[in-house]
1. For segment 95-126, give me each residue that is in contact (Cβ under 8 Å) with a residue 60 or more places away in the chain, open to solvent by 60 Å² or more (accessible area, probe 1.4 Å) and under 14 Å from the mean Cα position of the chain (by Cα).
2. Scan segment 61-94 for residues that are in a loop (DSSP other than H, G, I, E, B), touching a Leu at 6+ places or on another chain (Cβ under 9 Å) and crowded, with 17+ Cβ neighbours inside 10 Å and jot them down.
3. Among the residues of segment 66-111, what is the count of those that are at positive phi and either within 8 Å of the ligand (Cβ to nearest atom) or aliphatic (A, V, I, L, M) (or both)?
Amino acid sequence: MRWRRDPEAARRLAERRRREDEAPRLVAVVPKLETLGIRVLEGMPSISNPVGTHTRRVVVPTAPALFVLPCGDSQCRDGGHELTEQLLAGLQQEKLQFEGEDCCRGVTGGSECRRVLHYVATASYRAV
Ligand SMILES: [Zn+2]
């Protein structure tokens with residue numbers, strides 16, 4: 001997350017840090033997990049081509065079992081994507097690759113944001 005010098009952003013960052021600290025560790029929830037990468041594609045519902053794409057490597061040994069991605073629209077208020085449940089479910093089933101979608105519930109310019117985030121998670125697991 002980029003640091004912006006406004007109190008709202010600082011408050012959200014603090015809130016995010018607190019949630020990450022309080023969450024269980026990823027290795028405690030999915031002990032066999034070895035590597036995890038999440039490819040993220042963001043776009044508007046009406047546009048088939050994503051406006052942004054990036055891949056995040058998760059540092060499995062230290063990562064919290066919490067996957068909350070910020071909304072890609074900097075104007076968006078109270079938006080973001082809560083992917084924790086979906087991702088943990090896939091990892092606990094030891095899926096090698098799985099994907100899903102989440103629609104932002106934030107507000108931008110007085111109307112619903114509705115940005116769509118599509119993710120593709122790629123994981124590997126230890127044998128025992
Ligand atoms: Zn949004």
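The values are calculated or read from the model by the stated rules, or taken from the named source; none is laboratory data. Everything quoted here is computed from the prediction, not taken from an experiment. Every residue, glycine as well, gets a Cβ built from its backbone with ideal geometry; the counts of neighbours run over all protein chains shown. All accessible areas refer to the heavy atoms of the entire protein, side chains included, with ligands and DNA or RNA removed. Shrake-Rupley method; radii C 1.70, N 1.55, O 1.52, S 1.80 Å.
1. First pass over segment 95-126, keeping only residues in contact (Cβ under 8 Å) with a residue 60 or more places away in the chain: 114-126.
Subsequent filtering for residues that are open to solvent by 60 Å² or more (accessible area, probe 1.4 Å) retains 114, 122, 126.
The answer is T122, and nothing else.
2. Hits for segment 61-94 are A63, A65, L66, F67, C71, G72, G80, L83.
3. 1
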